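Sharing a structure with you now.
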Amino acid sequence: MKIIDENIIQLTLPTPFAVGDVHVYLMKGDTLTLIDAGAKTIQAKDSFVHQLKKIGYGLMDIEQIVLTHHHPDHTGLIEEFPRLKHIMAHQEVDLWLTMNSPFLRNNEKFFEGFFILNGVPEKFHPAINEMTDDFEYGGRGSLSGMLKENDTIPAHPDWRVIETKGHAQTHLSFVRDSDGLIIGGDHLIKHISPNPMIEAPIIEGEERQRPMLDYRDSLKKCSNLELTSVLPGHGEIFSGINELISKRLVSQEKRAEKVYRLIKSNSLTPYEICTQLFPKYYEKQINLTMSETIGQLDYLLDEKLIDYSIEDGILIYYAK
Ligand SMILES: [Zn+2]
């Protein structure tokens, strides 16, 4: 637990995920608001109750929850607050809290087609379900209201919403313009470069988003905000944000260059690129490594350095 200032307290909770602990933030004001809600485990709940008690609060005192994005290590405990009046987030977070069967089917169907189109062998297809399996650690419920660009957090008018799509299509960050403090969720983390995850389009049959391009745009947007300090979802609180943003942009461009060189010597399917880019990881982490590979291809396409054709239903990328 860390007291940031008279209005903000950082609490740190365990998660069952490889990323480790997650931070949530208690925001004081006319309403006691919780930003993000950890993972749904007994350990996270116990730890949360224990830390709340130390600062004189209980689960009864929290009246509003605001979520940075829909991932399960950020939504898990939303069902635990008996006097909760509001859950606010990006409007599409609602689908992930409800998890109804048409939504899940749409998701599964999209990824089945996506794996085939990108040349991923059938032995990996069971990994599609692993993506939604993680959501057993996410909270169930529904939003009471939605937040969008330039809204302020209800009852906390000094905190402004900025959309920071990329790592998740639902990602929001919260900025206090008076001093440049930002609650950055998983968009801005010092020790990890967030993976821009491929997501199924919300409306079946629509084209998928290009999260790597969104992520880059969101980084550039943040570099224009005169931010001073980041309260992240994971890892240490940090400043020097514009340096970190430049570093993230450059390292992505370097990885894209590597992909470009691979394609230049040989036309390849996205899966083939993935195995060459992540020889040690693709077997165990096909979802993450394919998301990252597709991100680099989206970037190179956008830069007009490469193009693709479809042969026997599978994408083949080549250098221009
Ligand atoms: Zn996340």
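The values are calculated or read from the model by the stated rules, or taken from the named source; none is laboratory data. Given the structure is predicted, the values throughout are model-derived calculations rather than measurements. Backbone-built Cβ (ideal geometry, glycine too); neighbour counts: all protein chains shown. Accessible surface is based on the protein model in full, side chains and every heavy atom, while ligands, DNA and RNA are left aside. Shrake-Rupley method; radii C 1.70, N 1.55, O 1.52, S 1.80 Å.
Would you count, across segment 150-257, every pair of lysines whose alpha carbons are under 17 angstrom apart, provided the pair is eight or more residues apart or spans two chains?
Number of lysine pairs found: 6.
Rounded to a whole number of µm²/s, how large is the Stokes-Einstein D of segment 227-298 at 4 °C and 1.567 mPa s, given Rh as the Kirkwood radius over C-alpha pairs?
Diffusion coefficient, whole number: 93 µm²/s.
Moving to a separate point now. Can you work out ³J(HN,Hα) from phi for every residue in segment 226-234, in order, using Karplus 6.51 cos²θ - 1.76 cosθ + 1.60 and θ = phi - 60°, giving whole Hz and x for Gly and Pro?
6, 7, 10, 8, 10, 9, x, x, 9
Report the dimensions of segment 206-257 along its three principal axes from the alpha-carbon atoms, largest first, rounded to Å.
36, 27, 23
Let me ask something else. Rounding to the nearest 10 and keeping the result within 0 to 90°, find how far the Cα-based axis of helix 286-302 lies from the longest principal axis of the chain.
Tilt of helix 286-302: around 70 degrees.
For the chain, set up a GNM with springs between Cα atoms under 10 Å and report which of Gly180, Gly233, Gly166 has the largest fluctuation.
Greatest mean-square fluctuation among the candidates belongs to Gly180.
Rolling a 1.4 angstrom probe over the protein heavy atoms, how many square angstrom per residue are accessible across the chain?
46 Å²
Given +1 on the Cβ of Lys and Arg, -1 on the Cβ of Asp and Glu, and no further charges, what dipole in debye does segment 221-274 carry about its Cα centre, rounded to the nearest 20?
It comes to approximately 260 debye.
Between Asp21, Asp179, Asp214, which gets the highest mean-square fluctuation from a Gaussian network model of the chain, Cα cutoff 10 Å?
Most flexible of the set in this elastic network: Asp179.
Does segment 5-97 come out rounded, prolate or oblate by the C-alpha gyration tensor, with a ≥ b ≥ c the root eigenvalues, rounded set by a/c under 1.5 and, if not, prolate when a/b is larger than b/c and oblate if not?
oblate
How much solvent-accessible surface does His90 expose, in Å² to the nearest 10, with a 1.4 Å probe and all protein chains in place?
Taking all protein chains as shown, His90 has close to 20 Å².
Evaluated at 10 °C with a viscosity of 1.306 mPa s, what Stokes-Einstein diffusion coefficient in µm²/s does segment 134-222 have when Rh comes from the Kirkwood expression over alpha-carbon pairs?
The estimated diffusion coefficient comes to 109 µm²/s.
What value, in deg cm²/dmol to 500, does the helix sum -39500 (n - 2.57) over DSSP H runs of n ≥ 4 give at 222 nm once divided by the residues of the chain?
-10500 deg cm²/dmol
I'd like to know how segment 166-320 sits against the 2.2 N^0.38 Å rule of thumb: what's its Cα Rg over that expected value?
1.13
For the chain, set up a GNM with springs between Cα atoms under 10 Å and report which of Gln43, Gln252, Gln296 has the largest fluctuation.
Judging by the Gaussian network model, the answer is Gln43.
Separate question: Report, to the nearest 10°, how far helix 241-265 tilts away from the longest principal axis of the Cα atoms in the chain, using its own Cα long axis and a range of 0 to 90°.
20 degrees
Moving to a separate point now. Can you tell me the 0 to 90 degree angle between the C-alpha axis of helix 101-117 and the longest principal axis of the chain, rounded to 10?
It works out to around 30 degrees.
Over all directions, average the projected area of the Cα convex hull of segment 142-190 and note it in nm².
Projected area, direction-averaged: 4.0 nm².
Could you tell me what percent of the accessible area of the chain is made up of carbon and sulfur, with a 1.4 Å probe and every protein chain present?
Answer for the chain: carbon and sulfur cover 49 percent of the accessible area.
Leaving ligands and nucleic acids out of the surface, order Lys190, Lys320, Lys280 by accessible area at 1.4 Å, largest first.
Ranked from most to least accessible, the order is Lys280, Lys320, Lys190.
Give or take rounding to whole Å, what are the principal axis extents of the alpha carbon atoms in the chain, in descending order?
62, 42, 32
Summing Lys, Arg as +1 and Asp, Glu as -1, what charge do residues with Cβ under 10 Å from the Cβ of Gly138 carry, Gly138 excluded?
Combined, the nearby Lys, Arg, Asp and Glu give -1.
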